[in-house]
2 protein chains.
Amino acid sequence: MWQEHYAQRTQRMTNSAVRELLKFTEQPDCISFAGGLPAPEAFPIESVAQATQKVLCDKGIAALQYGPTEGYYPLREWIASYVSESGSTITPENVLITTGSQQGLDLTGKIFLNPGDTVLVESPTYLAALQAWMAYEADFIDIPTDCDGMQTQYLSTLLEANPKFIYCQPNFQNPQGVTLSLSRREELIELSIRKSIPLVEDDPYGALRFEGEHLPRLLTLSHRAQSSYGQYAGNSISLGTFSKLLMPGFRLGWIVAPMEVINRLVQAKQSVDLHTPMLNQIVVHELVSNGILEWQIPRITQLYRERRDTMLMSLAEHFSPDIRWTEPHGGLFIWVTLPIGMDASLLLQNAVREHVAFVPGAPFHIMGGENTLRLNFSNASIPMIRDGIARLGQAISHLSQPVS
Amino acid sequence: MWQEHYAQRTQRMTNSAVRELLKFTEQPDCISFAGGLPAPEAFPIESVAQATQKVLCDKGIAALQYGPTEGYYPLREWIASYVSESGSTITPENVLITTGSQQGLDLTGKIFLNPGDTVLVESPTYLAALQAWMAYEADFIDIPTDCDGMQTQYLSTLLEANPKFIYCQPNFQNPQGVTLSLSRREELIELSIRKSIPLVEDDPYGALRFEGEHLPRLLTLSHRAQSSYGQYAGNSISLGTFSKLLMPGFRLGWIVAPMEVINRLVQAKQSVDLHTPMLNQIVVHELVSNGILEWQIPRITQLYRERRDTMLMSLAEHFSPDIRWTEPHGGLFIWVTLPIGMDASLLLQNAVREHVAFVPGAPFHIMGGENTLRLNFSNASIPMIRDGIARLGQAISHLSQPVS
């Protein structure tokens, strides 16, 4: 009886390839480069336990009662200060706490997208953003990228399609690991402001930089370009998360936006989950206001840098010279381009037989990308990375050879 | 620059009157019957603290890592067993964990509602359900109610409008506190199955019964009516929550539905928040599997029964005979009907001057209801209830008298 009742939009909802793969990779002998999981050995379990006890003892009722849709005010204050940079002062009223950064993507779609609206995205882009906005029946136009991120020289032409917004991950992009250069950030801001097109900045990994200099947020550049105002009034909506800094299991993210947009997002959030869990918000506030990130970020960064280095060395050792890959300066991912004609989905079937997994690149694309794949280096130990890349090299060579 | 970018659906999103009022009622000298807040003195803070320590010690990584969209499997098992009744065996695969029951309303809208689709609702009905589905541009038709709930004799005529689903709160309905009688439950199931119309059962309060006999869930009746199957295959989608049994601040609810519907809901949930926080799920599983509800439910029920009794006695003492109210057998709310022509919004302005608050009834209606209001009795102490109802009686008598 159900088929006839589903909404039109459900035809655009598909099972995530990533999530289906995650199930496979739960087999204990599989080395998985598939998920986007942080290293569990870096979870601050003991600190979370202590903070939780303190919060339940001091603020137990607030932690267990209903709370405001906007979020726990002291945490909004902390985030406002955390994301403020020179020339861009964010106030707590510009911050909405979300149930993970994924909710930021959903709410953005909810307030902006009519069926058939266009969103400009990087090619490739984060597949769960595509999924969130496909559920609002959006169409997508992709912007070519290279090792400096989105190729902004194509922007002014692409903006003629009159998109509802531009989606950009400026730092260590998921899936490619590339970073948008400063000059391109400035060009993106300049063009999008001139055309009055909102910019959705998604920055889950920006703090996890292994080398090179921190570049200003799009939020900051947008604010600098527009601010004769006392408070944030740019064209950027900026999504952030504690998932990669502390732990994803708390589902705690945020949106920074001009007040008028925050008001709309709050209305939308009321209707989807009333508010984000209070205990989680108050515990994370307890952790971050006591400076946990001052030791947590260097600790993760060192761990992931070593793993990236190992993966890059193993790739050079085991992959043939006609295969290319990115060299990210931070984050969680390396992006591999196989020779044209080689299909990463077929490769995955071979890889699974070698007990190693990755995510094929096609779902990160609007079209094409069959010869690409994403490797995660944050969730495997150094010996597993060495072993896994060697196995993957084997799987590729089997695929390259004609079947006897 | 923003106005022109918003989606059509944002015109249907409004600030919740309830939430705006909640802000007012934070003033310390205000006696509030406005919110739907559980009694914080019944929160099992110490048990939560102990369970959290145990979970972080024994299952710390699982509690802080990403988890499956469907939810923590042992909690799905527990819920399946909790909602199973004679003649209706629910399996864990029929259960999706949600970020509060509100998310159940949103996801139901997301998979079923095209713009302009019709939903049948009780009159009055839960206003946050209206808000969730207005965001999908649904239209509503209301079903008259009396002290036995939805008047099912009107159903067969109303079903000719071909609604996408029927929404029903069978137990101690928010806002009226009324309960759907067994014969009407059976009629509702019989008619909706015959017409192949899905039924969305929302039951946050069912376990909080002060007197009388527990009536079977719509889920159960639907299953009994259809089951020659081994697993749940009725026409009911049933929403539940731990918010009123343990604490709302954890944002933990569930949906029970046929497997095919669960699959659609999982796809929709992936795109909105990936999954519900893991720590919260594992801690609640720890609590409920150790039998916390066996003492928690009687404790809350006794507390709320006393408060309801006090409120009913105070109403009889301070309200004039031309005012009517419901006498709920459970839950959190009493519903008051003022004489026709008396406006509850005007009354609220008087009440605020007397430092007492409630929710006017109009937002719970599709149309009308200006002379109705909702009183919450779970969140105020017995002396506050006595005092607050006396003040409200004052405010009414001031409103009744011509201004001198």
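The values are calculated or read from the model by the stated rules, or taken from the named source; none is laboratory data. Owing to the predicted nature of the structure, the values given are computational and were not obtained by experimental measurement. With ideal geometry, Cβ positions are generated from the backbone for all residues, glycine too; neighbour counts draw on all protein chains shown. These accessible areas exclude ligands, DNA and RNA; they are computed on the full protein's heavy atoms, side chains included. Shrake-Rupley method; radii C 1.70, N 1.55, O 1.52, S 1.80 Å.
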Open item on the list: So if I check each of B:235, B:290, B:280, which one is within 12 Å of chain A (Cβ to nearest Cβ) and modelled with pLDDT of 95 or more?
Closed with: B:280
Open item on the list: Of everything in segment B:188-216, what is more than 20 Å from residue B:126 (Cβ to Cβ), assigned to a loop (DSSP other than H, G, I, E, B) and hydrophobic (A, V, I, L, M, F, W, C)? Give them in sequence order.
Closed with: B:210
- [ ] Within segment B:131-144, track down each residue that is outside any helix (DSSP H, G or I) and either open to solvent by 30 Å² or more (accessible area, probe 1.4 Å) or over 23 Å from residue B:185 (Cβ atoms) (or both).
- [x] B:135, B:136, B:137, B:138, B:139, B:140, B:141, B:142, B:144
Open item on the list: Looking for something within 14 Å of another protein chain (Cβ to nearest Cβ), among the hydrophobic types (A, V, I, L, M, F, W, C), assigned to a helix (DSSP H, G or I) and more than 18 Å from residue B:331 (Cα to Cα) - is there at least one such residue anywhere in segment B:163-179?
Closed with: no
TODO: Look through B:265, B:182 and report the one residue that is surrounded by fewer than 19 Cβ atoms within 10 Å (Cβ to Cβ) and either within 17 Å of the chain's Cα centre (by Cα) or at negative phi (or both).
DONE: B:182
- [ ] Residues being within 7 Å of chain B (Cβ to nearest Cβ) and touching a residue at least 40 places away in the same chain (Cβ under 8 Å): count how many of those fall in segment A:41-55.
- [x] 3
Open item on the list: Can you say whether residue A:282 is touching a strand residue (DSSP E or B) at 6+ places or on another chain (Cβ under 8 Å) and surrounded by 20 or more Cβ atoms within 10 Å (Cβ to Cβ), as far as the supplied structure shows?
Closed with: no
Open item on the list: Considering only residues that are over 20 Å from residue B:198 (Cβ atoms) and either within 14 Å of chain A (Cβ to nearest Cβ) or open to solvent by 30 Å² or more (accessible area, probe 1.4 Å) (or both), which ones fall in segment B:88-111?
Closed with: B:89, B:97, B:99, B:100
Open item on the list: Among the residues of segment A:337-360, what is the count of those that are of a type in the set (Val, Ile, Thr) and under 18 Å from the mean Cα position of the chain (by Cα)?
Closed with: 1
Open item on the list: Just the residues that are among the hydrophobic types (A, V, I, L, M, F, W, C) and open to solvent by 30 Å² or more (accessible area, probe 1.4 Å), please, taken from segment A:391-404.
Closed with: A:399, A:403
Open item on the list: Give me the residue from segment B:363-385 that is part of a helix (DSSP H, G or I) and at pLDDT 95 or above and, out of that set, surrounded by the most Cβ atoms within 10 Å (Cβ to Cβ).
Closed with: B:364
Task: Selection from segment A:268-313 of residues that are in contact (Cβ under 8 Å) with a residue 40 or more places away in the chain, over 17 Å from residue A:49 (Cα atoms), in a helix (DSSP H, G or I) and more than 22 Å from the chain's Cα centre (by Cα) - done: A:270, A:310
Open item on the list: With the structure loaded, tell me whether residue A:234 is over 15 Å from residue A:71 (Cα atoms), of a type in the set (Gly, Ala, Ser) and part of a loop (DSSP other than H, G, I, E, B) or whether it fails that test.
Closed with: yes
- [ ] Please determine, by comparing only the residues of segment B:320-336 that are open to solvent by less than 60 Å² (accessible area, probe 1.4 Å) and either touching a helix residue (DSSP H, G or I) at 6+ places or on another chain (Cβ under 6 Å) or of a type in the set (Val, Ile, Thr) (or both), which one is farthest from residue B:173 (Cα to Cα).
- [x] B:323
- [ ] Look through segment B:112-130, keep the residues that are at the interface with chain A (Cβ under 8 Å from one of its Cβ atoms) and surrounded by 24 or more Cβ atoms within 10 Å (Cβ to Cβ), and return whichever of them is farthest from residue B:266 (Cα to Cα).
- [x] B:113
TODO: Please tell me if residue B:66 is of a type in the set (Phe, Trp, Tyr) and within 25 Å of the chain's Cα centre (by Cα).
DONE: no
Open item on the list: Could you check segment B:70-87 and list, in sequence order, the residues that are crowded, with 20+ Cβ neighbours inside 10 Å, more than 12 Å from chain A (Cβ to nearest Cβ) and in a loop (DSSP other than H, G, I, E, B)?
Closed with: B:71
Task: Yes/no for residue B:60 being open to solvent by less than 30 Å² (accessible area, probe 1.4 Å), in a loop (DSSP other than H, G, I, E, B), more than 30 Å from residue B:365 (Cβ to Cβ) and of a type outside the set (Phe, Trp, Tyr) - done: no
